[in-house]
Amino acid sequence: MKIPLHTRLRGLTGFFSRNKNLLIPLVLFLLVELAALAGVFVRPELALYDSWFRLQGVRDPGRQVAVVAVDEPSIKELGPLAWPRKVHAQLLEKLREARVVAFDIVFDAPTTPADDRSFAAAIAKHGGVVLASQFSFEENGSGEMEQVFQAPLPEFMEGAAGLGFVNMPTDVDGVVRRVTMVDVNTFEIPFPCLSLASAMTASGMNPAQIELEPGCLRVAGGNIPVDGVNRAMIDFWGPQGTFKTYGYADVLRGKYPPEEFKDKIVLVGVTTPAAHDEKPTPYTTSNMIISGSIETPGVEIHASAVQSFLDGHWYRPVHPLVNIVFLFIAGMATALAVGGRGPWRGIAGALAVVAVSGVLVYGLWWQGRRWLNFAAPLALIFITYVLVTASDFILAEMGRRRTRALFSRYVSPAVVEELMADPDSVSLGGQRRDLTIMFVDIRGFTAYSENKAPEQVVNRLNEYLTAMTEVIFRHGGTLDKYLGDGLMAIYGAPIQLPDHVQRAIRTAVEIQEVVERLNNSWAEKGEPPLKIGVGINTGSVLVGNVGSPERMDYTVIGEDVNLASRVEGLTKTFGALVIISERSVRVLEARGESTRELEYLGTAEVKGFTLPIGVYTVPDRRTGKFYA
């Protein structure tokens with residue numbers, strides 16, 4: 001059998017509403033993860049990584065590593081670059097107490113023979129000099145680009161304690177966060193960078209002790225985590241000037257005694273902007289002048305790498321699977337924290353998830369030196385908040401419209417608005433509750449209908465039912481259903497009414513008064529009068545929606561519903577148009593409400609009930625007699 005489209009749509013809507021807190025974050029997780037794999041979050045992740053450094057502030061790197069800067073004052077004093085090699089020889093004499101002196105300057109071209117001999121002798125005499133080399137790309141004879149190794153002059157290398165390349169990679173945003181530790185394309189063994197060569201020389205190691213494994217560089221028992229192209233994520237202690245820096249000319253003229261540099265690793269390099277050897281690091285901010293966090297000279301970045309080796313401080317990304325799991329948990333946690341809580345409590349829940357996630361990510365970075373991605377989870381958290389909140393609103397609005405459409409048939413517009421203002425006050429799925437049920441029926445309507453045109457009967461019946469419905473609504477009752485020439489109403493649902501018995505009794509009285517006015521109007525038209533019997537009973541019943549998804553009614557089910565119908569039938573037995581069961585009267589007495597206006601009629605056997613039922617009526621307040 002073919003299922004109707006509206007039924008399928010209703011089923012899908014129901015499935016979505018029941019599982020939206022699972023479906024929405026799951027779909028968003030897949031979309032965000034695909035975006036992450038496509039590289040959408042690379043730059044934001046890098047920016048967040050930098051923010052962790054700035055969050056922890058500037059730290060003291062210690063005094064093991066120092067920088068001798070070829071700075072502007074030195075150039076003014078010693079003249080423009082390049083200085084004669086004998087000047088560097090004089091510097092090495094001043095730094096004779098240093099454990100290692102590493103030059104971030106490539107001495108690959110000869111100058112005057114005397115100067116070169118003087119510098120070579122100074123290198124050999126010191127015994128701890130590490131020289132710089134670099135890789136460059138040049139066009140060969142066939143027009144292809146090829147890598148060229150620029151090494152220091154052989155006479156300098158003879159007395160040098162180490163050699164390392166100074167090439168420094170940057171990430172996609174141009175920031176230096178990693179250092180290429182070794183080159184494996186030029187020599188038979190891994191060739192170290194300048195910082196690694198300097199640290200190894202200070203520790204008495206040589207390049208032959210380097211062991212390269214997938215994801216790890218082993219140096220004399222120590223492990224340096226590296227990526228697929230042998231880059232390590234170094235630690236940074238602060239912006240430019242964080243490491244102890246001495247002016248080249250100040251050292252040369254003897255401002256500092258040789259003991260100042262005893263056992264230190266000293267890196268010598270150019271720090272002037274004209275050298276174009278400055279790079280942004282995690283401490284470099286976008287507004288470099290205002291913040292003071294300007295780009296860092298390459299020699300200071302080498303110093304950070306040396307200090308990272310000495311301290312064993314290396315950062316590493318977590319396994320990609322960990323990032324995926326963290327992203328999934330962030331999305332699910334947000335859906336749980338946001339779903340069904342409204343926009344304001346929802347945003348508080350989302351911010352709580354952000355706070356907990358941020359503390360976790362920063363703590364892992366700070367204590368474990370593990371880099372857990374946070375940009376993609378942040379995006380997922382806020383997108384989940386928006387969509388879950390929007391879906392809550394849409395589903396709630398759909399529910400309100402269904403509720404309005406459902407109850408507008410049963411209760412007054414004022415009650416509908418009250419339901420809309422407090423939708424939690426009604427349970428549409430079925431709920432046991434103490435209610436008052438009222439049945440209303442026309443006496444002798446079948447006989448009246450004989451030999452009359454159907455249109456005439458229907459018109460009079462509609463006029464009567466309209467008037468009865470208005471009375472019921474006026475007293476806060478709910479119209480359960482029309483029963484041919486009668487009707488059924490309940491009091492106390494969907495909105496709970498503590499005085500539901502009194503409301504039903506007042507309704508019964510007003511029905512008799514309204515019918516009297518209708519009879520007077522009909523008499524003027526030559527129509528016979530009608531008599532209306534009303535039966536009232538109170539008890540515990542099940543109230544809620546009954547029916548199929550295509551058609552359902554809000555109604556009540558239970559023994560006391562049947563009794564209310566039977567009580568209405570007793571109006572014929574006792575000759576009173578309003579009959580109230582003893583169960584309703586007991587509820588009034590339990591609440592301490594007066595029952596003096598009620599008149600006891602006696603007891604009666606009721607079909608389906610073993611014991612007789614006591615019944616009461618309410619007199620006409622104008623005549624003192626009960627309605628008959």
task: Note the full-extension length gain between residue 59 and residue 366 as 0.36 nm times their separation in residues minus their Cα-Cα distance, in nm to one decimal.
output: 109.2 nm
- prompt: Efficiency by 1/(1 + (r/R0)^6): what FRET value for residue 203 and residue 325, r their Cβ-Cβ distance, R0 = 56 Å, to the nearest 0.05?
  reply: 0.90
field: Which of 513, 450 is most accessible, then next, and so on - probe 1.4 Å
entry: 450, 513
- prompt: Cα gyration tensor of segment 267-397, axes a ≥ b ≥ c as square roots of the eigenvalues: rounded (a/c below 1.5), prolate (a/b > b/c) or oblate?
  reply: prolate
query: Computed from these coordinates, which is Kirkwood radius over Cα pairs in Å: (1) 25.8; (2) 24.9; (3) 32.8?
result: (3)
field: Table column - 3J(HN,Hα) (Hz), segment 511-524, Karplus curve with 6.51, -1.76, 1.60, x for Gly and Pro
entry: 4, 5, 5, 5, 4, 4, 5, 5, 4, 4, 5, 5, 4, 5
message: Check which residues have an amide H placed less than 5 Å from residue 175's amide H, if you skip close sequence neighbours.
response: none
field: Spin-label pair residue 72/residue 157, simplified geometry with 7 Å Cα→Cβ offset, distance in nm
entry: 3.8 nm
- request: May I ask you to compute the full-extension gain from residue 393 to residue 591, defined as 0.36 nm times their residue separation minus their alpha-carbon distance, rounded to one decimal in nm?
  value: 67.3 nm
query: Given H placed 1.01 Å from N in the peptide plane, which residues other than close sequence neighbours of residue 270 have an amide H under 5 Å from its amide H?
result: 70
message: Contact order normalised by length for the chain, with contacts defined as Cα pairs under 8 Å and 6 or more residues apart; what percent is it?
response: 12 percent
statement: For residue 626, the residues 5 or more places away or on another chain with a placed amide H closer than 5 Å to its own amide H are 620
query: In the chain, what % of DSSP beta bridges are antiparallel (nearest 5)?
result: 70 percent
query: Is it possible to state the helix-based mean residue ellipticity at 222 nm for the chain, with each DSSP H run of 4+ residues giving -39500 (n - 2.57), the sum divided by total residues, to the nearest 500 deg cm²/dmol? What is it?
result: -14500 deg cm²/dmol
task: Could you please state how large a percent of the accessible area of the chain is carbon and sulfur, counting protein chains only and using a 1.4 Å probe?
output: 57 percent
query: How much accessible area per residue does the chain have, in Å², with a 1.4 Å probe?
result: 48 Å²
- prompt: How large is ³J(HN,Hα) for each residue in segment 76-88, as worked out from phi by the Karplus curve 6.51 cos²θ - 1.76 cosθ + 1.60 (θ = phi - 60°), to whole Hz, x for Gly and Pro?
  reply: 5, 7, 9, x, x, 6, 8, 6, x, 5, 5, 5, 5
message: Testing the spin-label approximation: label points 7 Å from Cα along Cα→Cβ at residue 345 and residue 220. State their distance in nm.
response: 6.3 nm
- request: Measure off 7 Å from each Cα along the Cα-to-Cβ vector at residue 452 and residue 262, then give the distance between these two points in nanometres to one decimal.
  value: 12.4 nm
task: Could you grab the relative contact order for segment 424-617? Cα pairs under 8 Å, six or more apart, rounded to a whole percent.
output: 24 percent
query: Rounded, prolate or oblate: which one fits segment 424-617, using the alpha carbon gyration tensor with axes a ≥ b ≥ c (rounded when a/c is under 1.5, else prolate when a/b beats b/c, else oblate)?
result: oblate
- prompt: Which ³J(HN,Hα) values, rounded to whole Hz and listed in residue order, are derived for segment 457-474 from phi using the Karplus coefficients 6.51, -1.76 and 1.60 in 6.51 cos²θ - 1.76 cosθ + 1.60 with θ = phi - 60°, glycine and proline given as x?
  reply: 5, 5, 4, 5, 5, 5, 4, 5, 5, 4, 5, 5, 4, 4, 5, 4, 4, 4
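The values are calculated or read from the model by the stated rules, or taken from the named source; none is laboratory data. Being a predicted model, the structure only gives us computed values, none of them experimental. Cβ: placed from backbone, ideal geometry, glycine included. Neighbour counts: every protein chain shown. Heads up: the accessible areas ignore ligands, DNA and RNA and are worked out on the full protein's heavy atoms, side chains in. Shrake-Rupley method; radii C 1.70, N 1.55, O 1.52, S 1.80 Å.
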